[in-house]
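The values are calculated or read from the model by the stated rules, or taken from the named source; none is laboratory data. Being a predicted model, the structure only gives us computed values, none of them experimental. All Cβ positions, glycine included, derive from the backbone under ideal geometry; neighbour counts span all protein chains shown.
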């Protein structure tokens, strides 16, 4: 089959590789009909996630048709089912899964010991996302093996299009969880750093969950415009504005009640010197993160407010403003999205027309053109927000 | 040489006890073992894998057996290596699964056999036992050992620096 393989920093190639096969009794094989490039794939592409091997198949946002099912998954999935596959691989049986913490599944990461050394305790396996999260082949390919197929894949039985449901695999639930962690109460103002695909969905979800106002912060005018037209967000371009001051002014001097970091480890900063400091430390691997957005979200948040972190981080950051967190009674909430927990209710929202995730799609490509997709997305060329590929 | 490890398993004490008590199936998650055969009267014959295709063998007997609570065993005189082990089960607070504690103890003999035995149990016996226990938990909770394209044999710390690419394997690699 054809698959998008990571072959080095800033390099992906579509290669011919063996077809996946059932390895365990609860596996299924899915023939992929739509697959997307995620912002977090760019962290792999850019070389900031350790434990990548040349040849690893990328991709953790995919959907398709079940073509083979292991004997112990047959009660729940059948050949021919149309499914969306959640990016965390979860067994459904451990204590984490039974508490709804699917991205912390205790059983799905074969490289758990490696992850344990890095994080203290391991997290779940993830498709196509380095060997730290299991070394699973990803879904930017013609086929994928899906472990615990009786737990993860969400069956789509209505005639919704691929683009309407594909993002249930990751970014829609991730954005929704980012908003949910804000514990939005009537009158709340939520600020969202990053108007990429996850940020767009966090903004839409914050409104859905009752936020009075949502403020989007980014540096690309076309992304800010998308947040304004599609969700009704107010916007701040951080390249032209001092975000702290503008946010204070917009919120009557209080600060937003909740701040969402939908940026993660490769943030940019309006202030050259601080950006250069983190850029150098990250490049020399003295610091794995470049966390301006998170620092700013913490500083800007109203006293007693919530900072919700859904941007991806992998390791250590410098200059963490713990004094701000402590002295102003902030709460930080975070997590890789527990996708399984949110899929059914978000599908209901889509079916009822309360959410339409298709507005973020700007580029549609055949799988063959994955390298172009990565370059376009990375450099935000051609007003790129989201790339969807068809094998 | 002692190894200890602990985990919490989301199952009943009886289930966890029964699965460990099935000594013949220990090699499915204890990768240094080639086979264990129970021979009746609480006795069993253990064969461990050693380098270059050789094996290390011994007989053992159960010395303490409390259903749902603990199992202890010890090798009988005359085997290649004196060893003993126990596993203890206790309910986690508020019924949140069963806490499992395991301890293994080996007294490798001197000389060439001793070296062989030391290789069987690895340079980091605690890590090896932790891997065993992780696979045991996977089997009890999910019925299978998590396997990926990069780690087709599942959790195995010693293999983690030498992973396959994360792309599908040829048939022969899977059975290897």
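Would you tally the residues in region B:99-115 being closer than 17 Å to residue B:135 by Cα, away from chain A (no Cβ under 14 Å) and either touching a helix residue (DSSP H, G or I) at 6+ places or on another chain (Cβ under 9 Å) or modelled with pLDDT under 95 (or both)? Let's see the steps before the verdict.
First, pick out the residues of region B:99-115 that are closer than 17 Å to residue B:135 by Cα: B:99-104.
Imposing the further condition that a residue be away from chain A (no Cβ under 14 Å) reduces the set to B:101-104.
Remaining after also requiring either touching a helix residue (DSSP H, G or I) at 6+ places or on another chain (Cβ under 9 Å) or modelled with pLDDT under 95 (or both): B:102-104.
Within region B:99-115, residues that are closer than 17 Å to residue B:135 by Cα, away from chain A (no Cβ under 14 Å) and either touching a helix residue (DSSP H, G or I) at 6+ places or on another chain (Cβ under 9 Å) or modelled with pLDDT under 95 (or both) number 3.
Would you kindly identify the strands (runs of 3 or more DSSP E) lying entirely within region A:200-280 that contain at least 3 residues that are more than 25 Å from residue A:382 (Cβ to Cβ)? Quick ask: steps written out before the conclusion?
On the way: elements: A:213-218, A:234-237, A:258-261.
Result: A:213-218, A:258-261.
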**Q.** Candidate set: region A:57-106, residues that are in a strand (DSSP E or B) and at the interface with chain B (Cβ under 9 Å from one of its Cβ atoms); chosen: the one nearest to residue A:138 (Cα to Cα)
**A.** A:57
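A quick yes/no check of all residues on (1) farther than 21 Å from residue A:205 by Cα; (2) crowded, with 22+ Cβ neighbours inside 10 Å; (3) in contact with a helix residue (DSSP H, G or I) (Cβ under 8 Å, 6 or more places away or on another chain):
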{"position": "A:294", "(1), (2), (3)": "no, yes, no"}
{"position": "A:297", "(1), (2), (3)": "no, yes, no"}
{"position": "A:301", "(1), (2), (3)": "no, yes, no"}
{"position": "A:310", "(1), (2), (3)": "no, yes, yes"}
{"position": "A:315", "(1), (2), (3)": "yes, no, yes"}
{"position": "A:326", "(1), (2), (3)": "yes, no, no"}
{"position": "A:329", "(1), (2), (3)": "yes, no, no"}
{"position": "A:336", "(1), (2), (3)": "no, yes, yes"}
{"position": "A:344", "(1), (2), (3)": "no, no, no"}
Q: Can you tell me which residue within region A:9-56, out of those that are away from chain B (no Cβ under 14 Å) and assigned to a helix (DSSP H, G or I), is surrounded by the fewest Cβ atoms within 10 Å (Cβ to Cβ)?
A: A:42
Q. When region A:142-170 is examined, which residues are found to be in contact with a strand residue (DSSP E or B) (Cβ under 7 Å, 6 or more places away or on another chain), within 18 Å of residue A:80 (Cβ to Cβ) and assigned to a loop (DSSP other than H, G, I, E, B)?
A. A:142, A:149, A:152, A:153, A:156
Q | Residue list for region A:107-127, restricted to those being closer than 11 Å to residue A:147 by Cβ and either within 8 Å of chain B (Cβ to nearest Cβ) or out of contact with any strand residue (DSSP E or B) (no Cβ under 9 Å at 6 or more places or on another chain) (or both) | A | A:107, A:108, A:109, A:110, A:125
Q: Would you mind telling me which numbered condition in (1) touching a helix residue (DSSP H, G or I) at 6+ places or on another chain (Cβ under 6 Å); (2) crowded, with 16+ Cβ neighbours inside 10 Å residue A:194 fails?
A: (1)
Q: Using the structure shown, decide if residue B:165 is at pLDDT 70 or above and not assigned by TED's automatic domain parsing to the domain that holds residue B:82.
A: yes
Q: Please state which of the following conditions residue A:278 fails to meet, knowing it meets all the rest: (1) more than 13 Å from residue A:218 (Cβ to Cβ); (2) at pLDDT below 95; (3) surrounded by fewer than 20 Cβ atoms within 10 Å (Cβ to Cβ).
A: (3)
Q: Might you let me know whether region A:369-376 holds any residue that is under 24 Å from residue A:178 (Cβ atoms) and either assigned by TED's automatic domain parsing to the domain that holds residue A:41 or surrounded by 14 or more Cβ atoms within 10 Å (Cβ to Cβ) (or both)?
A: no
(Q) Just to be sure before I move on: is residue B:96 at the interface with chain A (Cβ under 7 Å from one of its Cβ atoms) and at pLDDT below 75 in the structure I sent? (A) no
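Before we move on, is residue B:85 surrounded by fewer than 16 Cβ atoms within 10 Å (Cβ to Cβ), under 19 Å from residue B:27 (Cβ atoms) and at pLDDT 95 or above? Lay out the reasoning, then the answer.
Numbers: surrounded by fewer than 16 Cβ atoms within 10 Å (Cβ to Cβ): no; under 19 Å from residue B:27 (Cβ atoms): yes; at pLDDT 95 or above: yes.
Spelling it out, it is not the case that residue B:85 is surrounded by fewer than 16 Cβ atoms within 10 Å (Cβ to Cβ), under 19 Å from residue B:27 (Cβ atoms) and at pLDDT 95 or above.
Somewhere in region A:135-152, is a residue free of Cβ contacts under 8 Å to residues at least 60 places away in the same chain, at the interface with chain B (Cβ under 10 Å from one of its Cβ atoms) and crowded, with 22+ Cβ neighbours inside 10 Å? Steps first, please.
Quick first cut of region A:135-152, residues free of Cβ contacts under 8 Å to residues at least 60 places away in the same chain only: A:136.
Next, only the ones that are at the interface with chain B (Cβ under 10 Å from one of its Cβ atoms) stay: A:136.
Now drop any that are not crowded, with 22+ Cβ neighbours inside 10 Å, which leaves A:136.
Scanning region A:135-152 turns up at least one residue that is free of Cβ contacts under 8 Å to residues at least 60 places away in the same chain, at the interface with chain B (Cβ under 10 Å from one of its Cβ atoms) and crowded, with 22+ Cβ neighbours inside 10 Å.
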